[in-house]
Each structure stands twice: as C-alpha cells, then as structure tokens.
1. How many residues, within segment 69-89, are of a type outside the set (Asp, Glu), touching a residue at least 40 places away in the same chain (Cβ under 8 Å) and open to solvent by 60 Å² or more (accessible area, probe 1.4 Å)?
2. Restricting to segment 111-126, name every residue that is open to solvent by less than 80 Å² (accessible area, probe 1.4 Å) and either without any contact (Cβ under 8 Å) to a residue 60 or more places away in the chain or polar (S, T, N, Q) (or both).
3. If only one of LEU21, LEU42, LEU49 is at pLDDT 70 or above, touching an Asp or Glu at 6+ places or on another chain (Cβ under 8 Å), within 18 Å of GLN124 (Cα to Cα) and surrounded by 10 or more Cβ atoms within 10 Å (Cβ to Cβ), which one is it?
Amino acid sequence: MKVWNPINNQKFETFSYLPPLTDAQIAKQVDMIIAKGLSPCLEFAPKELSFVGNENTVRFNGSAAGYYDNRYWTMWKLPMFGCSDTSQVLKEIAECRKAYPACYVRLAAFDAIKQVQVISFLVQRP
C-alpha cells in the first residue's frame, strides 16, 4: 500500500488520486452523466490559478455557507444543456484541450432539479 505524499502534491476533484483517465474512461463517465440527465460543462484554468492558495486567492468578505474563494475556473462555452450525445461532449473536450494545452481542464455536471453541481473531475492535466 502506498502512502499519499501531501508535500507539493496538489489534488483536484474526485479522481485526482487515480492516474489520469484515458479517453475511453472519460467517455464512460460522460455516458453516465448523460444517462442521469445531467448537463455537462467544461472549465479550464492555467496551473498558477487552478489551485486555491493564499498566494493566488482573491478574498471577499463572505462568511456564509457556499462561499468560495477563487474556486471558479473559466467556462469553455456554455453548459451543454439537454445534451444527449456523448460524442458531442468528447468533441468539446478535444477542442478545449487543443485550444488550452497548458491548462487544467475539468468536466463538471449540473443537476437541473437540485440546481447544483454534482460531478467534477479533471480531463486534462498540463
């Protein structure tokens, strides 16, 4: 069993503790997102802005539940509301990767009923 080294080892989202997902594994996750009726959305950020830290975080005076410090990344186009084709999502992932090869790219999914983000994982690490 391997012990996770926390020193200079930034982790993002659920699958960050696994090796990077293959395109086939990402496609299976997208299949599940669409089957559940969720809306996929891509976001990207350069390495220096992708992890929350005291050096790169803009602090606001929010202390309420749900307050976030600099945790939002730039959205790639609009969320794919009503998307029912896995290949459309995979095409957008490929386009985002090509346009921003030096950025982290994550796939998020939103639940229209609960009105929250329910899934988020990296599909590219620079």
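The values are calculated or read from the model by the stated rules, or taken from the named source; none is laboratory data. Treat the numbers as computed from the prediction; the structure is a model and nothing was measured. With ideal geometry, Cβ positions are generated from the backbone for all residues, glycine too; neighbour counts draw on all protein chains shown. These area figures cover heavy atoms from the full protein model, side chains too; ligands, DNA and RNA do not enter into them. Shrake-Rupley method; radii C 1.70, N 1.55, O 1.52, S 1.80 Å.
1. Result for segment 69-89: 3.
2. VAL116, SER120, GLN124, listed by residue number.
3. LEU42
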